[in-house]
1. Work out, step by step, the length gained on full extension between B:Trp54 and B:Ser318: first 0.36 nm times the residue separation, then minus their alpha carbon distance; give nm to one decimal.
2. From the square roots a ≥ b ≥ c of the eigenvalues of the alpha-carbon gyration tensor of region B:378-428, which class results: rounded (a/c under 1.5), prolate (a/b over b/c), or oblate?
3. For B:Leu262 and B:Ala152 in one chain, what is 0.36 nm times their gap in residues minus the Cα-Cα distance, to one decimal in nm?
4. Which one, B:Ala411, B:Ser484, B:Gly474, is farthest towards the positive end of the dipole of region B:375-516 when Lys and Arg carry +1 and Asp and Glu -1 on their Cβ?
5. Show B:Lys450, B:Lys299 ordered by accessible area, largest first, where the area counts protein heavy atoms only and the probe is 1.4 Å.
6. Taking the convex hull of the Cα atoms, report for region B:394-469 its projected area averaged over all directions, in nm².
7. Relative to the isolated chain, which residues of region A:111-137 have their accessible area cut by 30 Å² or more in the presence of all protein chains (1.4 Å probe, heavy atoms, no ligands or nucleic acids)?
8. Give me the lysines in straight-line cross-link reach of B:Lys293: C-alpha distance below 25 Å, same-chain residues under 8 apart excluded.
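The values are calculated or read from the model by the stated rules, or taken from the named source; none is laboratory data. Note that this is a predicted model, so its numbers are computed, not measured. So basically every Cβ, Gly included, is an ideal-geometry build from the backbone, and we count neighbours across all protein chains shown. Just so you know, the surface numbers come from the protein's heavy atoms only, side chains and all, with ligands and any DNA or RNA stripped out. Shrake-Rupley method; radii C 1.70, N 1.55, O 1.52, S 1.80 Å.
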Amino acid sequence: MTFQNLPVEPGSLPQVSNFKFKPMAPAYPKEVRLQHGIVWTIVILAQVIPSIIVAKPLGLKMALLGLPVLGLIMGIGFTALAVKSARVKGWTLRQHDIAYRSGIWWRKIVVLPFDRVQHAEISSGPLQRKFGLASLKFFTAGGASIDLRIDGLSEDVASDLREFIMQRAAESQDDHRAPQGNSEAAPADPDKSPVLPNGA
Amino acid sequence: MEPEAKEPASAHRWRRTSPVAVVFYVLKFARHMVTDGLPAVAPAVAVFATADGWMKTAGIGALSALALIGAVGAILSYLRFRFRFEGQQLLVRRGVIKREQLNVDFDRIQDVAIDEPFYARPFGLAMLKLDTAGSAGKEITLPGIPLANARAMRNEIISVATRQPMPETVDAEEPSDHLLTRSNADIARYGLTANGLLWVAIVFGAFVSAVDDDQWLGPAVNWLTSALNLDGVTSAIVRLGAPGAVLLVLLGLLVAGLLLSLFSILGALWKYADYRLSVDGNTYHRRSGLVSKQEQTLKRAKIQAAVWRQNVVAYWLSRINLQLRLVSAGEAANAQGMPIGQPVFLVPALTDDEAHDMSAEFLPELDTRSLQLSQINRRRYMSRNITLAWMPFIAAASFAAYFLNPLAAPAVFLAGLALATGCVYLRWKRYGYGTVNAYGCLREGFFGYKTTLFPLRKLQRADLRQSPSQRRAGLANLTVHLASHSITMPYMDLNEARRFADLALHQAESSEEGWF
């Protein structure tokens, strides 16, 4: 077991701060807006029910209409936030890792080396499929908390990305003798890729 | 887990374990009943125990039925359990009601342990315990095979997994180079420190997030409290009056503390008495145990991190417990909703010098003595956390002012502020980070500390997180994910956090060696 102890100049390392993030697919904010729109429409419709049930005192009937109004305001607000956060998200590839940025106010950058990816999974729900979108999830060792999930990639990009990363992972793992057994880390056959019916 | 999927051509080579394994299954059943079944049936047992007549008879009947089920189940388990080695695979068929066949590749096995339970030692038998990578709860136990065979199997599995032939000498009784022994006094100290965490938990329950791996204490304490007859205590308090009651309570706490320490020491001795650590090339062996002997084996390459733990008691005793952390759980375990285990190889009760030396042994070329740790931003970390820690005191002060005396409010405010500041300051002071050679070091703690030392190349993922105020102040939280556990270093200088992440990523991506 020999350790390299390379004299690395602090400035010469590839830097996390120099990432140029690509935004998610253009359809992603639209999909988020529609998804939130549907959910909030259902909520607002449900909030109208009390007003319909109460028939007698007209004042109360009118006051209860405040509920859906409140729902409308909240719906617009939260949908706008979700769309904004969808626009803020971004990803980028380097030679050896993938980086993912998210968060409007609480910014987060995640960097995952290809070599650490155990396997990857593409999923797309009905709404995502309508917009030609997919989610890509990377599984790593060490528990669910460090699995990386990237929403809002176009279907083509998602499958290309998975193909590329699994290939790189297999290569680098072959370099230093496959850690977790080859069968699991090998790139999946694109024809057999599990496109789950619901975003799992 | 595909039952009967691969029908082997030479099924006659399937082997059984020794019949002593029946004892193993009986004990397993009994333990299962006590830990999982007892809380549910305890009321029924209480009723049966106090009742007489037909109820008592029914109770005894139910108990003997249960015992019969256990015995028959154990015999069937023994009969059903078969294993064989095929190339570099271990095949196991087991199960009474649900039958399963497991195919385990040697190179997926991350931990091999040999237990010599007290009932098997007279027969020269041992249990071979295999822990497969990243699947907590999928341990495989071969109960009741001759000790020499168990050792040979272990050596073969390890030599396959490391792709290095084992020296022949390891089959001998004394397998390898002696590295470290712990006297039973050392182990007793370890027992006290394991208890120390419990003490802290009792006093500062809310502040402590993690209790050490001494789950055996819980049931013992429960049993103790139920076994004490509290009626006598209450009547004594009534007789003695207020000062006597205080004295009695203090005395009770003292006795409880002594008892807990005693349990803790006994528990530590049970598992770690005659602790002996030896090394053989890249493989470590631990052998210890008071009545039942345990042998645990660890390959150096599997170590994801070394963690120094020192709590208050350990600080008083000037001892450090060194934990070697392995892969804790993979997605396979999570997909099946299994509890995430924390595989740990413990080197207990080290002195300061020993801790430095042992760290360099497990993580070669790591010079912990020359390690300089930087601290996180004090002003920002403290101002934010004092605000949070003070909240309950503000609530308490308002409460006191309203119900007791308006004058009490400022006193409670100030006391709260002082206490919150003190606690947050302690917490701040413990945070530290640094790198030396190709290793990273992250320290956190409160009264004691927990220092994680890890090869930078074993990083799994790095996260940088910034709140709006941290962005303005140029600070960031860095989370380092290892395959064993994750550590967050809050309120680092942004450039320092980036530098740490860049260095670790560079090591992880450029290293010729794997992480596993």
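1. Gain on extension, B:Trp54 to B:Ser318, equals 89.0 nm.
2. Prolate, since a/c reaches 1.5 and a/b exceeds b/c.
3. 35.8 nm
4. B:Ala411
5. Final ranking, largest accessible area leading: B:Lys450, B:Lys299.
6. Computed as one quarter of the Cα hull surface, the answer is 8.0 nm².
7. Output list: A:Val111, A:Pro113, A:Arg116.
8. In chain and number order, the partners are B:Lys28, B:Lys129, B:Lys138, B:Lys271, B:Lys302.
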